[in-house]
Structure formats: structure tokens, C-alpha cells
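Please read the structure below before turning to the comments.
Every read-out reported here was derived from the displayed coordinates using simple, explicitly stated rules and does not represent laboratory data. As the structure is a computational prediction, the values presented were derived from the model and not from experiment. Note: ideal-geometry Cβ built from the backbone for every residue, glycine included; neighbour counts use all protein chains shown.
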């Protein structure tokens, strides 16, 4: 089975994870030890977990170093990435040696049944700093210089833009808002036109009615006045 670019990325994660967990449980064991005999049972359990994680981390580090050296001499790289790989290697080898030494110290403590000391804990913390620094430079080799990467994604390629979906949603929302606004405006204009038409119609009808009434009343008054005048004139002639 071919592992691209090699086995180093597989082993190195075990080294970093197991050693970090070991340091964490050693800290818990030391703190519970300071609390006295009331936490003696849990302290023993903390130290057992820490010890086994440290031992397995030391075993996995053998594979990490071997695979790492193989990658150093076989992975395609340029001058800049070679300089970054050299820095990573120069941190990795001393860190691996310190892990082996503290693991051997842990074995010695186990057979001698010695008490967990602050010096031992400080040594673990120092190695933890070295290990994380080594991991940082290893990440720089891959993510900054692209060493061991067979192909890089084309981030400018059409059809894969995480902002496109939200932009489309915004445009769609804006379109809906514009449509709603237009529809509301049309309905408003129609209502206003209808109201205006009704008002004008009612006004014209009222005016027509008033004018008709006025004309009717005027004609009636004129007819009455004319009739009275005729009757009055006839009476005068009779006399």
C-alpha cells in the first residue's frame, strides 16, 4: 500500500497526541499528590495513564523519526522548503532524544517506585514545549511551502465560492423586497385611483343633482310668478 507522501504524517500524530496526554495526566497526578492521602487512589490511576501514554509515545516516536528522515531525503522540494525542512529536523531530533530519555526515566521510577517530583514534571513540560515547537515547524513545511503536496486546489476556479451562496440569497431577498414594494405600490396606486374616481364621480353626481334641483326650482318659481302676474293683470282688466 502506497502512503502519500510517506508514513511520517501518520506516526507524528501519535507522538504529539500521546505525549501531550501523558503530560496532562502527570500534572493531575502531581496535583492530587499535593492534596494528601484523600486522593491517593485517583492519583495512582492518573499516573498509570500518564506512564502508559509516555511509553507508547516513545515507541511511536521511533517510527516518526525514521519516516521523517526518509521524507527529508525523498520528498520533492526547492531551496526554501529545504531550509524549512532542515529547521524542522534540527528541532525534531533533539526532541525525540529527550522523549526517549524521559521514558527511560519513567521506567526507572516505576521499578524503583519513587514519588512523583516537581523536577520530573518540569522536565516533561520543557519537552512538551520542544515537541510543540517541532510540530509548528513541521506544519510550516507543509502548509506554507507545500512540501509533499501533490496538487494544490484551484481556489479561483468557478463554481466553488463560499460567498456565492450568501450573495445569491441576498440578491434573491432584494428581488423579493423589490417585487413586494412594487406590488404594494401598484395596489396603493390602484386604491388611490379608485378612491379619486369615486370622489370625482360622487362630486359630479352631487353637482349635477344640485344644478338640476336649482334649475327645477328656478323654473317652478318663474312659472308661479308668471302665473300670478297674468292673473293679476286679468283682474285689473275686469275692473
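Figures for the structure shown
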quantity	calculated
Förster radius 41 Å - calculated FRET efficiency between residue 74 and residue 125, Cβ distance, rounded to 0.05	0.75
Ranking of 48, 56 by count of other Cβ atoms within 10 Å, fewest first	48, 56
Mean projected area (nm²) of the alpha-carbon convex hull when the range 8-144 is viewed from all directions	8.2
Per-residue Cβ neighbour rank within 10 angstrom, fewest leading, 88, 82	82, 88
Cβ-based exposure ranking for 14, 111, 25, 46, in which fewest neighbours within 10 Å come first	111, 14, 25, 46
Simple label model, 7 Å out from Cα along Cβ direction - residue 107 to residue 132, nm	2.9
